[in-house]
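All remarks here apply to the structure that follows.
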Amino acid sequence: MSEFLQILLSGVLLGGLLALYATGLSLVFGVMRIVNLAHGDLIVLAAYLILLLVEATGAGPGWWLLPVAVLMFALGWLYQRFVLERTLGLGLMPPLVVGFGLSIVLQNALLELFSADTRRVPAGGIETASLALGPLTVGVYPLLVFLAAVVLLVSLELVFARTDFGRRLRATADDPVTVRLVGVSPRSVYALAMGLSFAVCGVAGVLMGVWTNFAPSDGPIRLLWAFEAVIIGGLGSLWGTLVGGMVLGVAISVGGWIDPGLQMLFGHLAFVAVLAVRPQGLFPARGGAA
């Protein structure tokens with residue numbers, strides 16, 4: 001029994017990382033109603049950025065978390081203003097094609113720069129440190145990642161609910177035509193939302209780089225896990241992404257407990273099961289960004 005509880009606990013903590021994958025994707029969909037197909041590759045890009053910084057300076061990855069997030073925010077703002085903005089109003093397909101093209105460019109650029117070998121960001125003893133909770137053992141780093149996911153979601157909720165930017169974001173998500181009448185530029189809001197999504201990708205990439213190995217071709221699978229977590233939690237629901245991540249994490253852990261080769265399959269089966277029973281997700285947003 002304790003072994004099964006340990007598996008469930010590990011799955012819940014893994015859900016924190018999967019929720020970080022999904023948060024940026026949920027944010028962009030909630031505001032702009034588009035799916036960024038390069039989302040997973042941006043997470044991998046951030047992991048390589050932190051790897052370069054750690055190897056060049058010798059400082060731990062925690063010191064570079066904020067700079068990487070800020071850099072990714074700037075890249076997202078530029079991407080929206082000078083690339084994706086040209087596709088606005090042209091239908092659903094052009095933004096998808098642009099995202100797909102960015103995904104291919106990032107994968108091939110990382111492959112040329114770093115080869116196809118898997119890498120991992122060194123973080124010292126925290127990678128293997130653990131805490132004993134009765135018969136259960138909790139990894140310190142997975143626990144910190146889960147707490148980081150909770151803190152990030154709380155921070156985003158506060159931004160959306162209590163700041164002028166959040167009100168502009170929700171209003172633009174609900175009715176981009178009407179907000180122009182009160183002097184709000186949807187294009188500026190979209191650029192900030194995309195920058196915020198890229199910044200979340202940066203945080204997810206930094207934490208992922210310490211958690212597990214990564215390679216230039218890993219972007220699509222990160223996108224797939226993010227997409228499944230968003231669908232399970234409910235489109236546009238930020239807290240739903242955490243629940244969706246935990247559902248996937250528990251399914252993956254249980255599958256690995258039965259047979260290591262079943263991890264991916266059990267995760268996808270959990271996604272299909274939720275989709276069959278509740279197509280709108282567990283906690284669908286009633287409108288707006290969150």
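Of the residues that make up region 155-166, is at least one aliphatic (A, V, I, L, M), within 15 Å of the chain's Cα centre (by Cα) and under 23 Å from Gln280 (Cα atoms)? So far as region 155-166 goes, yes, one or more of its residues are aliphatic (A, V, I, L, M), within 15 Å of the chain's Cα centre (by Cα) and under 23 Å from Gln280 (Cα atoms).
Taken together, the residues in region 30-63 that are part of a helix (DSSP H, G or I), surrounded by 22 or more Cβ atoms within 10 Å (Cβ to Cβ) and of a type outside the set (A, V, I, L, M) amount to 4. Of all residues in region 139-160, those being in contact (Cβ under 8 Å) with a residue 24 or more places away in the chain and farther than 21 Å from Gly249 by Cα number 3. Of Arg120, Arg170, all but one fail to be under 23 Å from Leu88 (Cα atoms) and among the basic types (Lys, Arg); the exception is Arg170.
Just one of the numbered conditions (1) of a type outside the set (Asp, Glu); (2) under 22 Å from Val154 (Cα atoms); (3) crowded, with 21+ Cβ neighbours inside 10 Å; (4) at pLDDT below 90 is not true of Leu84: (2). Once region 111-129 is narrowed to residues that are acidic (Asp, Glu) and more than 11 Å from Phe214 (Cβ to Cβ), the residue that is surrounded by the fewest Cβ atoms within 10 Å (Cβ to Cβ) is Glu112.
The values are calculated or read from the model by the stated rules, or taken from the named source; none is laboratory data. Everything numeric here is computed off the predicted structure, so don't read it as measured data. Using ideal geometry, Cβ is built from the backbone for each residue, glycine included, and neighbour counts are taken over all protein chains shown.
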